[in-house]
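Here is the structure we will look at, set down as structure tokens.
The values are calculated or read from the model by the stated rules, or taken from the named source; none is laboratory data. Here the structure is a predicted model, which is why all the values come from computation and not from measurement. Keep in mind that these areas ignore ligands, DNA and RNA; they rest on the heavy atoms of the full protein, side chains included. Shrake-Rupley method; radii C 1.70, N 1.55, O 1.52, S 1.80 Å.
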Amino acid sequence: RLGVVSPCRVMDRVQDGKCASTRITLTIDDVASFEYLNEGNAHCVFEYRGPAHERGPRVRLERALLRVRKTQNNRRWQQSALDAAVWDLATRSDEDVGVGESWVAADRRARDEFYRDAPTLAREVNDIEPCIVEFSSDFIAGLASKYDASERLERRRRDGQRVDVAQRFGQLSRLAARAHSCFSRTRDVFLVEIKPKSGVAVTLDDGKEVSRYQLHQTLKLARGERKTASAYDPLDLFSGDKLRIQTAISALFECPQNNLRICDGDFNVLMDESGTQANASLDVIRAALPGMIDASADVFAHILRAQSRHCIGYARAHVLAAELKDDLTNLTATDGALLRDFVVSQIAKDCSVLFTVIIDNHVDDINVRTVAFLDAAHKTHTCAFTPQIIDVSAKTLDKTGVWRALDDDILDLARANEV
């Protein structure tokens, strides 16, 4: 038992003759301590705002984020023998990797592989060990009810999904925007999240290299999924050319879709795909972004290298995954490495870069980058910021068929438009 009064239960095991607290189990009494923060297509995120603790495993919850699955996404992840084999996970229940938490362990290994060789400052901060927590059935049910009632969801596109009450494990992490203490000491902070998408050009039959994102925009128009296409081109953002980067930023501000999101320090949304709030700082941030991206070339280069690890291609990945599902004994070290590279490339195509920004406020911190820029009135400003790669989530190989079908549709439409 902990030395503090806690509604949590801590599971202990003996290691090297000592009792080491390894896992927290969250119960119904913990629901009140978690508040909805944000969500993506597959997960929603809650922030712990409960009481602080001086010692014991529960201290891991302080300022922590809890990431939980949504329904209709990744339900099969924990049951996929291929995912477990590719990421070298145990398929039996043991102390380290139980069957119920294998999706969490695989996600952690995929994230570690993605961040390997990434610039240190760009990595999502996670000093929580172990990062896996267990849920009681009443906790996850209570969290699902809280999610459904969240007022912040009114500004977001409802996708018909909710918290998956069948899950029994989740992940803890730190809030990237509060990783550096200099940003937590001021409210004059802005959070700019850019989802770059694929910066790897697609080569058509005539040898022409084009943007896959732009091809996908054309497909969405043809399918009626979008009324207007975005002029944003990831090839511009990744180009390293200042004028092309400026073009990319301008296109994102004109049509953010899900590629640009700007919040203030209290996480109030100023701009996203649902609209733009009146705020004078948006024009200044728009002027600052090209210089910030140029000064973050190492971060975007890492993402582009990860995206380029897709050498196996969608068609071959799907065929190989289908073959291995029938008989995992045929999985070779080479095939495993190819599929891991393919998953990493998919992660990189869907990740985001979070800029935590302070305008015209000097920050004396070696871990913070600074750029000078001119606004629309030619007034000089300075911008202190940190770039971090976030939304790094493993992709299950169960989706190779979906990815291949989409890729075929994109290329078929591109070929038809060439004729």
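Tabulated results
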{"read-out": "Selection within region 14-42 - part of a strand (DSSP E or B), within 18 Å of S150 (Cα to Cα) and at pLDDT below 80", "value": "N38, E39"}
{"read-out": "Strands (runs of 3 or more DSSP E) (entirely within region 155-271) containing at least 2 residues that are at pLDDT 90 or above", "value": "190-194, 260-264"}
{"read-out": "Residue selected from region 115-149 under the condition in a loop (DSSP other than H, G, I, E, B), closer than 22 Å to R63 by Cα and modelled with pLDDT of 75 or more, by the criterion farthest from the chain's Cα centre (by Cα)", "value": "S136"}
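Residue by residue, here is whether (1) of a type outside the set (S, T, N, Q); (2) open to solvent by less than 70 Å² (accessible area, probe 1.4 Å); (3) within 30 Å of D148 (Cα to Cα); (4) at pLDDT 75 or above holds:
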| site | (1), (2), (3), (4) |
| --- | --- |
| C44 | yes, yes, yes, yes |
| R49 | yes, no, yes, yes |
| R55 | yes, no, no, no |
| L61 | yes, yes, yes, yes |
| L66 | yes, yes, yes, yes |
| A81 | yes, yes, no, yes |
| E95 | yes, no, no, no |
| V99 | yes, no, yes, no |
